[in-house]
Amino acid sequence: MALWESFVRVEVDHHPAARDICVRMGLGSVGPMRICSAQSTAVTVRRTSRLAREDEEPAVFIGLQMSGTSLVEQHGRQCLLQPRTLTVYESTAPYTLHFDRALHHHFLRIPRTVLALPDRVLRDISAVPLASSNPVACMAFRYFADLAVSQDMLGGVYAEAIVQPSIELLRAAVTSQLGSSRTDRGALEESLGLRITHYLREHLSDPALSAARIAAAHGISVRHLYTVLAQSGISLGEWIRSHRLAECRRELAGPSGHLRTIAAIARSWGFTDPTHFSKVFKRAYGISPRDWREHHRPGPSRRVSGRDAHKS
């Protein structure tokens, strides 16, 4: 059980007698993706409704069937996985995995916010075999099967370079299974706002973050970028500034906030001009960065002014 729960919380029912149970698992990661390679005697794995409700970080799982067969159940569907096929299922809904003879499988766990596909797409595609008739799914299977056993890639110096291409390939495999290029484009367009905001959070500390760079990373024009953000009620410049300020505010109030200069903390979140940072910080919170930090310095409380000084 402990081996399984190192990857995700599940209930495990081994079919053989205790003395005959054999389990081998290997864990690795590539950026936000966690990868588990597993071989076992016959077993049933259940993610119950209770465990699904307790999920703290919603994730999407991809199962790669390496040999034998297995049965995946979720959302009232069942799918039989043959060798060299893969399927998708969600951590936020109950599922059952049946390995009646033996298990030889690779599992990938990807945060839902990273994959950034609409809920309806994930629900429609879960417990559906991405079969050999789908060339994109075939490519994804080969790629992720190789990745799962590549010690050079798992946690290695090259891992960061393949994170985004891996996510894009998986996203393409999922959306291409939906049936038509129009559907594929619709799903990707629907998820574009989610993918952009995820990108913004991931690159928030980069002082070179700009509309042109964000648009290029998503293969769209700057004009289309602003249109997509406007549909989500986001003003790009204000979003970046407010989230950077919030991170600076958090660090200044933290236990290590007095160990670095205010300018260094501001610079680490993309504010290259200390004077400008002080002005926008005070305008946002009604208190200077210095006073905010002093208010949260370990020791006796200090009385300061400012509309947010009472908040941590």
Hits in the range 25-36 (condition: modelled with pLDDT of 90 or more and farther than 19 Å from residue 162 by Cα): none
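Every residue in the range 142-172 that is more than 15 Å from residue 35 (Cα to Cα) and either touching a Cys at 6+ places or on another chain (Cβ under 7 Å) or assigned to a helix (DSSP H, G or I) (or both), please.
To start, the set of residues in the range 142-172 that are more than 15 Å from residue 35 (Cα to Cα) comprises 157-158, 161, 164-165, 168-169, 171-172.
Across the range 142-172, the qualifying residues are 161, 164, 165, 168, 169, 171, 172.
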From 150, 132, which residue is at pLDDT 85 or above and among the hydroxyl-bearing types (Ser, Thr, Tyr)? 150
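Has the range 242-263 got any residue that is of a type in the set (Ser, Thr, Tyr) and more than 28 Å from the chain's Cα centre (by Cα)?
Our first condition is that a residue be of a type in the set (Ser, Thr, Tyr); within the range 242-263, this holds for 242, 256, 261.
Remaining after also requiring more than 28 Å from the chain's Cα centre (by Cα): 261.
For the range 242-263, residues of a type in the set (Ser, Thr, Tyr) and more than 28 Å from the chain's Cα centre (by Cα): present.
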Looking only at the range 218-237, which residues are assigned to a helix (DSSP H, G or I) and either touching a residue at least 24 places away in the same chain (Cβ under 8 Å) or within 30 Å of residue 294 (Cα to Cα) (or both)? 225, 228, 229, 231, 236, 237
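Across the range 248-276, what is the total count of residues that are exposed (fewer than 12 other Cβ atoms within 10 Å of the Cβ) and of a type in the set (A, V, I, L, M, F, W, C)?
Restricting attention to the range 248-276, the residues satisfying the condition of being exposed (fewer than 12 other Cβ atoms within 10 Å of the Cβ) are 255-256, 259, 261, 264, 272, 275-276.
Narrowing further to those that are of a type in the set (A, V, I, L, M, F, W, C): 259, 264.
Going through the range 248-276 one residue at a time, the tally reaches 2.
Matching residues to (1) touching a residue at least 60 places away in the same chain (Cβ under 8 Å); (2) in a strand (DSSP E or B); (3) not hydrophobic (A, V, I, L, M, F, W, C):
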site	(1), (2), (3)
68	no, no, yes
73	no, yes, yes
88	yes, yes, no
92	no, no, yes
99	no, yes, no
103	yes, yes, no
123	no, no, yes
Selected residue [touching a Gly at 6+ places or on another chain (Cβ under 9 Å), under 27 Å from residue 292 (Cα atoms) and surrounded by 12 or more Cβ atoms within 10 Å (Cβ to Cβ)] from 209, 245: 209
Looking only at the range 238-282, count every residue that is of a type in the set (Asp, Glu) and either in contact with a strand residue (DSSP E or B) (Cβ under 8 Å, 6 or more places away or on another chain) or not in a helix (DSSP H, G or I) (or both) and tell me the total. 1
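Based on this model, can you work out whether residue 42 counts as buried (at least 19 other Cβ atoms within 10 Å of the Cβ) and either of a type in the set (Val, Ile, Thr) or in contact with a strand residue (DSSP E or B) (Cβ under 7 Å, 6 or more places away or on another chain) (or both)? Working first, answer last.
Values: buried (at least 19 other Cβ atoms within 10 Å of the Cβ): no; either of a type in the set (Val, Ile, Thr) or in contact with a strand residue (DSSP E or B) (Cβ under 7 Å, 6 or more places away or on another chain) (or both): yes.
No: the conditions fail for residue 42.
Being of a type outside the set (Lys, Arg) and under 15 Å from the mean Cα position of the chain (by Cα) is the requirement here; does residue 113 meet it? Talk me through it step by step, then tell me what you get.
Values: of a type outside the set (Lys, Arg): yes; under 15 Å from the mean Cα position of the chain (by Cα): yes.
Considered against the rule, which asks whether it is of a type outside the set (Lys, Arg) and under 15 Å from the mean Cα position of the chain (by Cα), residue 113 comes out as yes.
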Going by the structure shown, is residue 256 within 18 Å of residue 209 (Cα to Cα) and among the hydroxyl-bearing types (Ser, Thr, Tyr)? no
Residue count, the range 46-66, condition part of a loop (DSSP other than H, G, I, E, B) and polar (S, T, N, Q), comes to 1
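The values are calculated or read from the model by the stated rules, or taken from the named source; none is laboratory data. Bear in mind the structure is a predicted one, so any value in this text is a computation, not a measurement. Every residue, glycine as well, gets a Cβ built from its backbone with ideal geometry; the counts of neighbours run over all protein chains shown.
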